[in-house]
Structures are given as C-alpha cells and as structure tokens.
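The structure appears right after this line, and notes come after that.
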Amino acid sequence: MFIRNLLFTPVLAVCAFGQGSTGSASFTRDFSFPPVGLASSETAQINLVNIATMSMNANAVAPSCAGTITFTGAGGTTIGSPVPFTTTGAQISSTQLAFSKLGATGNRGEFVASIQATTTIPAKAPCSLVFSLETFDNTTGATHVFLQNSVASGGPIPVLAIGPGNGGH
C-alpha cells in the first residue's frame with residue numbers, strides 16, 4: 001500500500017532562548033508520521049535531505065540540518081535512543097528500524113516515527129528539510145509503504161523559517 005504526498009505539519013514548535021551575550025535562540029520543530037505497521041519480514045527507514053542552496057554571499061555557510069529521529073512503539077515507549085542526524089547540501093541521511101527492535105509479540109507491530117530538527121538563531125546554515133518514511137521487504141527490497149512531506153504544495157516544509165531580520169519566534 002502506497003501513501004504519497006502526505007503533508008506533514010509540525011506538531012510542536014518549542015522556543016528556548018539562549019542565555020549569555022550571544023543573543024542566540026535555539027528552536028526545535030517536531031514532525032511526526034502517523035502510526036505505521038511493520039511485519040516481521042520488513043524494515044522501516046527514515047530518509048532526510050536538506051535541499052537548501054548555498055548563498056552566493058562570500059560569508060555564507062554551507063547548508064546543514066541537524067536533529068534526531070525517534071521511534072516509539074505501540075505502547076508509547078521510545079525504542080532505543082534517539083538517533084542523531086546531520087545532512088549537508090544534497091547529502092541523504094537514513095536511519096532504519098528493524099522489526100526485532102519493536103519488541104512486538106507475533107509477526108506484526110506498530111510504531112510511530114518522529115523527527116526533531118533543531119537550529120540556533122542567528123542561523124549559521126540554511127536548512128530546508130525534506131523527509132520520508134518507507135517500509136520494505138527484507139528479502140526482495142520491495143517498498144510496501146511510502147510517506148513523505150509534500151513538496152508539491154509550495155515547497156518543502158522548512159525546519160525553521162525564522163532568521164535574522166524576520167523578527168518574532
């Protein structure tokens with residue numbers, strides 16, 4: 001079963017203003033996928049890429065997105081530890097969840113995947129994160145489920161649309 005172009009909206013945006021003389025603030029945006037079932041013969045995978053482009057400004061910093069990926073089981077318990085990621089330019093970062101990690105009884109279990117993307121303002125590097133979740137058959141590699149944030153409806157969901165000169169938080 002394929003599900004395509006599912007638009008994800010941030011379920012939680014947290015502002016935590018930094019202390020000290022730098023005047024910086026740290027922002028985290030959480031993106032959650034809907035619950036997904038995983039069979040014992042499958043693996044789930046999250047894929048992320050930063051599609052921000054390098055500014056022509058001589059002082060520009062290369063695009064970079066960083067954060068963590070968290071998998072939660074059907075009982076609401078975090079599976080393992082959150083997995084850190086950093087993706088620069090067009091580099092794809094992927095993280096897998098094997099069925100054996102679910103702790104499910106039987107040959108099927110459910111999970112929820114979420115992405116926590118963090119940046120500090122003033123932004124040192126642009127971040128425009130595009131991501132997907134897929135499940136695939138361990139033997140054939142055939143994809144069974146595919147979920148993505150939409151790029152067809154006005155572009156990717158930016159990890160953070162606030163920067164110097166945009167005001168507010």
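The values are calculated or read from the model by the stated rules, or taken from the named source; none is laboratory data. Fair warning: this is a prediction, and the values are worked out from it, not measured in the lab. Glycine also receives a Cβ, built like all others from the backbone with ideal geometry; neighbour counts cover every protein chain displayed.
Looking at the structure I just gave you, is Thr43 within 19 Å of the chain's Cα centre (by Cα) and either assigned to a strand (DSSP E or B) or among the charged types (D, E, K, R) (or both)? Yes: the conditions hold for Thr43. Counting only strands (runs of 3 or more DSSP E) wholly contained in segment 93-169, the ones carrying 1 or more residues that are at pLDDT below 85 and touching a Gly at 6+ places or on another chain (Cβ under 7 Å) occupy 108-121. I'd like the full set of residues that are more than 27 Å from Ala52 (Cβ to Cβ) and assigned to a loop (DSSP other than H, G, I, E, B), limited to segment 62-87. Result: Ala74, Gly75, Gly76, Thr77, Ile79, Gly80, Ser81. When Thr135, Thr140 are screened for being in contact with an Asp or Glu (Cβ under 7 Å, 6 or more places away or on another chain) and within 17 Å of Ser40 (Cα to Cα), only Thr135 passes.
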